[in-house]
Structure formats: C-alpha cells, structure tokens
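The values are calculated or read from the model by the stated rules, or taken from the named source; none is laboratory data. A quick note: this is a predicted structure, and the numbers were derived from the prediction, not measured. Backbone-built Cβ (ideal geometry, glycine too); neighbour counts: all protein chains shown.
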C-alpha cells in the first residue's frame, strides 16, 4: 500500500481527537498547532473522515470534532482506506494495464502478497492500541512543538474555534510560515549515494501511480500530492529536486501552486515539468523546464527530467 500524506496526517488527526476529546470537541486550530499540519488541510481530511463515519462534528461556539466510534472500533486500516482508497505498493498489483510487463512479471505476486500483508497489519491495530502504547511518544512530540512555535494569543484560538473563514486563513498562514522557517533552517543534507527525488503532483491517482513507478524504476526517489494544497505540505517536508505538475486540479490549480512556492527563496529555482491535457500548456508556467501533453510518452518525460536534474 502506498501511503501519502493523506493517510499519515489523517491518522495523526484521528489520534489527536481521541487523545483530547475528553475535554470536549477538538478544534482544528488546536490540532494544527499540536500536529504541525495546516488548518486548511486538516479540514479537508476531517471532512472525508466524517463522511466515512469515523468523526462527527459539533457546531456552535464551543464546537469542534469528536470520534463517531469508540477508539477500539477504529483500526489504522479503516482510516487509511477512508483517505487513500485501495491504493497499492505498485500500480501493476491492482492494474495489469499499468505496466506492459505485468502479464509475464514473475514478481507481481510478491507485490500483491506484500500489499495484503500490510493491510492485515494495519487492520490489526486500533486507535486504542496506539494510545495505550504511544502516550509517552506523543507527549514528547507536543513538548517539542510547544518550544519551537511562538505561542498564539488565546483570543486567536477562540476566534479560530468560531470557524470564521478569514481568521482561520490568517492562523493557517502563520502556522505554515513558522513551520517552513523551522523546516528550511534544518534542511537535511542528502546522504552520499542517495537518489534524486521527483515529486508528482496530479489529481488522477492512476497517473500518480504510473509516473512514480516510471521514476522509481529509473532509479529516482519519489513523493506525490493530489492538488496544490497537499503539495505545499509535501514540498516543505520532502524537498524534491524536481516537480511534475498537472494544471487542472481541485482546490488549487497547478499555476497557483507554482506561483506560491516559487516566491519562497528555498524553492525559487526548483525545476518544474508541466504534464497536462489542457491546450496551450506551454504558456501556463513560462519558466517550466518542459511541457508534455496527456496522454504522454514516459520516455519523453524521463528525457526532460534527466535533462533538468541529471541521472538519479
């Protein structure tokens, strides 16, 4: 199973609610500070978890979110499937058409078995299990965040809890700027011999699976996001060497995401390859190192990527 930030951050969100709901409905502004994830992204995740029946909302001045089921009735597998769907380790494990060699591939059965084993493990662990085994680790994480982030005035948290859109956006931007500053100051050096990393941003999960498989088979490391909002979260944690960017996506289109991250000094020179089915894509991001129309030839994409950042 391929876990993206949706699955990982979604599990942290569920655990945060479970850990703090004894004091009443949990505010996403407070969870954002504790978990170091933007308010806007958490609101998207909590909406999907609510539709899946794992979280319920409470309206009003003291409103927020609670678990809809007891912690012992929610497994890690439940949360991951609700947010990730039935994604696989490799695209070919659940889609023979994703790779021309999948019909005759001797290793395909191994990937399918590994995928199933991971699902069985995730289904065997409940939220209650994690809370009982990991309270000390969570407490240490909260203490580290409390030291690194400047405390927000109590009035700001109260206003955010009232779900006023403008105030929530200001709070989210402030949290993001603080987290970006912390992340970039401590940006780790790539270990000697580690492969270069390509970030795939596209709202079509089949294309994401296909492209990440193509890059990994060539030797690159990969990360991915399904739209511009999620991509900003991934960008400041993964520090890719190049981005392949779709233009038309929900919530935030590719050009807006590009304008946003290209204003940040640490990412100003990050090369971008536009991959889209829209007409006139060569005009969308003029500084792109290459543009490719969908449906695309993977060899053409690899040629552009290697020309921009070199071999893995």
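Please tell me if residue 234 is over 25 Å from residue 85 (Cβ atoms) and in contact with a helix residue (DSSP H, G or I) (Cβ under 9 Å, 6 or more places away or on another chain). Judged against the criteria, residue 234 is not a match. For the stretch 34-85, a tally of residues being under 22 Å from residue 124 (Cβ atoms), touching a strand residue (DSSP E or B) at 6+ places or on another chain (Cβ under 8 Å) and part of a helix (DSSP H, G or I) returns 5. The set of residues in the stretch 209-230 being within 18 Å of residue 278 (Cβ to Cβ) and free of Cβ contacts under 8 Å to residues at least 60 places away in the same chain consists of 227, 228. Note on the stretch 209-246: residues that are more than 12 Å from the chain's Cα centre (by Cα) and under 21 Å from residue 40 (Cβ atoms) total 3. Considering only residues of the stretch 242-252 that are crowded, with 20+ Cβ neighbours inside 10 Å and in contact (Cβ under 8 Å) with a residue 60 or more places away in the chain, which is farthest from residue 296 (Cα to Cα)? Checking each candidate, the answer is 242.
Taking each residue of the stretch 253-280 that is surrounded by fewer than 15 Cβ atoms within 10 Å (Cβ to Cβ) and looking for partners that are in a loop (DSSP other than H, G, I, E, B) and at pLDDT 90 or above with beta-carbon atoms closer than 6 Å, six or more apart or interchain, yields nothing.
One residue stands out in the stretch 105-119 among those that are within 17 Å of residue 76 (Cβ to Cβ) and in contact with a helix residue (DSSP H, G or I) (Cβ under 8 Å, 6 or more places away or on another chain): the one that is surrounded by the fewest Cβ atoms within 10 Å (Cβ to Cβ), namely 119.
Looking for something within 17 Å of residue 207 (Cβ to Cβ), in the same structural domain as residue 204 (by TED's automatic domain parsing), more than 23 Å from the chain's Cα centre (by Cα) and part of a helix (DSSP H, G or I) - is there at least one such residue anywhere in the stretch 303-311? Looking through the stretch 303-311, at least one residue is within 17 Å of residue 207 (Cβ to Cβ), in the same structural domain as residue 204 (by TED's automatic domain parsing), more than 23 Å from the chain's Cα centre (by Cα) and part of a helix (DSSP H, G or I). Can we say residue 16 is surrounded by fewer than 16 Cβ atoms within 10 Å (Cβ to Cβ), part of a helix (DSSP H, G or I), modelled with pLDDT of 85 or more and not assigned by TED's automatic domain parsing to the domain that holds residue 227? Criteria not met by residue 16.
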